[in-house]
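Input: a single structure, listed below in structure tokens.
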Amino acid sequence: QVQLVESGGGLVQPGGSLRLSCVASGSIFNIDAMGWYRQAPGKQRELVATISRGGFTNYADSVKGRFTISRDDAKNTMYLQMNNLKPEDTAVYYCAATINSVGIHWGQGTQVTVSS
């Protein structure tokens, strides 16, 4: 059974930074594309950033220049460095990954709250 677990969320003031982590565990042979998504109250889940197995990245326009996605395949871990956070970044952040070339796995989510 494959599992994704996020961590690193919390409460931060506007302009602050957080680093999210997503660790994949279980019977893993390969991890293809990985990504971060978020869902704010009353809104649909939206893409934040993705990273391919080869390291190619893609960002939502709203986070370009502020967020950086990365991965460490030796540790089956993905990161999201979030700088210059804004109140509109408040959401539950989810990680997702295509593992063993079979479907998309999701984490349980971690809350990020940006407020003074």
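The values are calculated or read from the model by the stated rules, or taken from the named source; none is laboratory data. If you're wondering where the values come from, they're calculated on a predicted model, not measured in any experiment. Note: ideal-geometry Cβ built from the backbone for every residue, glycine included; neighbour counts use all protein chains shown. Heavy atoms of the whole protein, side chains included, go into the accessibility calculation; ligands, DNA and RNA do not. Shrake-Rupley method; radii C 1.70, N 1.55, O 1.52, S 1.80 Å.
In table form, for the structure just shown:
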| item | result |
| --- | --- |
| Whole-Hz couplings from phi, Karplus 6.51/-1.76/1.60, listed for region 29-41; x for Gly and Pro | 9, 7, 10, 8, 5, 10, x, 10, 10, 9, 9, 8, x |
| Residue-count net charge about Ala97 - beta-carbon cut-off 14 Å; Lys, Arg +1, Asp, Glu -1 | -1 |
| Whole-Hz couplings from phi, Karplus 6.51/-1.76/1.60, listed for region 56-61; x for Gly and Pro | 6, 10, 8, 10, 5, 4 |
| Net charge over other residues, Cβ less than 11 angstrom from the Cβ of Asn30 (K, R count +1; D, E count -1) | -1 |
| Using θ = phi - 60° and Karplus 6.51 cos²θ - 1.76 cosθ + 1.60, couplings along region 14-19 (whole Hz; Gly, Pro as x) | x, x, x, 10, 9, 10 |
| Cα→Cβ-extended label distance, 7 Å offset, between Ala74 and Ser27, nm | 2.7 nm |
| Dimensionless Rg/Rh of region 60-116 - Kirkwood Rh, Rg from C-alpha atoms | 1.01 |
| Extended-chain gain in nm, criterion 0.36 nm per residue less alpha-carbon gap, Gln3 and Gln44 | 12.4 nm |
| Scaled radius of gyration (Cα, divided by 2.2 N^0.38 Å) that region 1-66 gives | 1.28 |
| Region 1-28 and region 44-100: distance between their alpha carbon centers, rounded to Å | 10 Å |
| Selection from Gly15, Gln1, Ala96 lying farthest towards where the dipole of the chain points positive, charges on Cβ | Gly15 |
| Accessible-area composition of region 44-116, carbon plus sulfur, in percent [1.4 Å probe] | 48 percent |
| Rounded to 5, percent antiparallel among DSSP beta bridges of the chain | 95 percent |
